[in-house]
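Values in this text are rule-based calculations from the coordinates and carry no lab data. All of these numbers come straight from a predicted model, not from anything done at the bench. Because the Cβ atoms are built from the backbone with ideal geometry, glycine has one as well, and the counts that use them run over all protein chains shown.
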Amino acid sequence: MTAKQILPGATLGVLGGGQLGRMFCVAARTMGYRVVVLDPDPHCGAGHIADMHICADYTDQYALQEMAGQCDAITLEFENIPSESVRFIADKTTVYPVAESLEIAQNRDLEKQFAQKAGLQPAPYLAIQQESDLRKAADKVGFPAILKSNTMGYDGKGQYVVNNYSELGDAYADVGKVDCVLEKKIDIRCEISAIVARNAAAEMASFPVSENQHRNGILHMSIVPARVSDEITQLAIENASLLADAMSYVGILAVEFFVSDDDTLYFNEMAPRPHNSGHYTRDACVTSQFEQQVRMMCGLKPGDTRLMSPVVMVNMLGDLWLPDWLIIFTRNNVKLHLYGKTEARPGRKMGHFNVLAEDVGSALIEAESVFNALSGD
């Protein structure tokens, strides 16, 4: 649909009511927009913040029709929304990102192919569509390697490190013999994220690159500025921008990269939405990734993305619940963000905190101290 500027007083929609949808709602309502959320969970966190919560499945065409009729523009909270639902909405109102971008991000093989065509460098890999592909993939990629399911993989799900052909066969059986990719296991120094914003007029802005540390496949902390060279930082931003331009993308695009021991930058994956590694922007940047998401879907100029303070973001999972909140509130440089979830489970993201300091080393030391204290260590 024709790009237009959508101004406060209009109604915006978000498909998905988790923490990303909730933070989008906070930003949109602060900026003067009404917000409608569609999510099947009657207790979703975004539903508590939105002006209206349509409690329905993402494939419910009656609910999608109702949402499209109320909203001037609609965006997505996560990439596993059915692309058919996005196409259904696109016939009725503006929706970003478009279904084609979503389909690329939903499939690891398509994602890697697209990244290569755009000029990015994934780790060596081969697609596996049937059991007879295992030997060819093993011979080309070698071991150690990582078997990843093509779809529905996040926070380490659907991923198996394999060290020989026998382990590869077991992993393929365990994943259900679905379409996969076998990817060479790179000796990495660190993982980094580049988050870019692009509107329908192709105006673009990039956030400071974050350095990410994981535990059990889930992001544990993001360190900003990333402790990598200026050359790697600039290359990551350029690569993420290339990807956004190649898709004529509108919205927030997060791109994860591996930095190898020899300083090669490898494309890992992309997320067509705000990203966990960008939560630091809520306190440390002039414009947060969620305000930027509103700006991009509304056809507005990108906000200033300057980093105002070094920062470390730490995820708070259901494993440590309920913590002693005074550990955070007795410190004047730690910002707490909770997601309004009613049930804590191991591995479930319940909130995060940002530690701001004069330098990134001090922020990291204090972030680790706070986390250890919350954990009872």
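Annotations for the structure displayed:
- When the alpha carbon gyration tensor of the range 314-373 is reduced to an equivalent ellipsoid, its three semi-axes come out at 22, 11, 10 angstrom, largest first.
- Whole-number percent relative contact order across the range 242-377, with pairs defined as alpha carbons under 8 Å at least 6 apart: 20 percent
- Alpha-carbon geometry of the range 11-95: the Rg and the Dmax are 11.2, 31 Å, given in that order.
- Relative contact order computed over the chain (Cα-Cα under 8 Å; 6+ residues apart), in percent: 14 percent
- Taking 15 Å as the cut-off, the amide N atoms of the range 12-42 that come nearer than this to a point 7 Å along the Cα-to-beta-carbon line of R345 belong to 18-19, 40-42.
- Residues Q61 and A201, FRET efficiency given R0 of 35 Å [Cβ-Cβ distance, rounded to 0.05]: 0.65
- The range 1-76: trypsin sites (Lys or Arg not before Pro) falling in loop per DSSP and having at most 14 other Cβ within 10 Å: K4
- Simple label model, 7 Å out from Cα along Cβ direction - H220 to A173, nm: 3.3 nm
- Relative counts (whole %) of C-alpha pair distances in the chain, using bins that are 10 Å wide: 5, 23, 32, 27, 11, 1
- Percent of alpha-carbon pairs separated by more than 23 Å within the range 188-375: 42 percent
- The ratio of the alpha-carbon radius of gyration of the range 124-184 to the globular-protein estimate 2.2 N^0.38 Å is 0.95.
- Loop exposure criterion: GluC sites (Glu not before Pro), DSSP state outside H, G, I, E and B, at most 12 other Cβ atoms within 10 Å. Applied to the chain, the longest stretch between such sites is 132-342.
- Within the listed set L147, L356, L322, the residue fluctuating most in the Gaussian network model of the chain (springs between alpha-carbon atoms under 10 angstrom) is L322.
- Each Lys and Arg Cβ is given +1 and each Asp and Glu Cβ -1; about its Cα centre, the range 124-184 then shows a dipole of about 160 debye.
- For the range 11-95, averaging the sequence separation of C-alpha pairs within contact (under 8 Å, six or more residues apart) and dividing by the residue count gives a relative contact order of 33 percent.
- Computed extension length for V286-A90: 67.4 nm, one decimal, from 0.36 nm per residue of separation with the Cα-Cα distance subtracted.
- Restricting the chymotrypsin sites (Phe, Trp or Tyr not before Pro) of the range 275-377 to loop positions (DSSP other than H, G, I, E, B) with no more than 13 neighbouring Cβ atoms within 10 Å leaves W325.
- If R0 is 51 Å, the Cβ-Cβ spacing of Q234 and S375 corresponds to a FRET efficiency of close to 0.90.
- Estimated at 0.36 nm per residue, the fully extended path between D304 and W321 surpasses their Cα-Cα distance by 2.6 nm.
- Maximal additional length on extending the K4-R135 stretch stands at 42.0 nm, based on 0.36 nm per residue less the C-alpha distance.
- Rounded to the nearest 20 debye, dipole of the chain from Cβ charges on Lys, Arg, Asp, Glu: 620 debye
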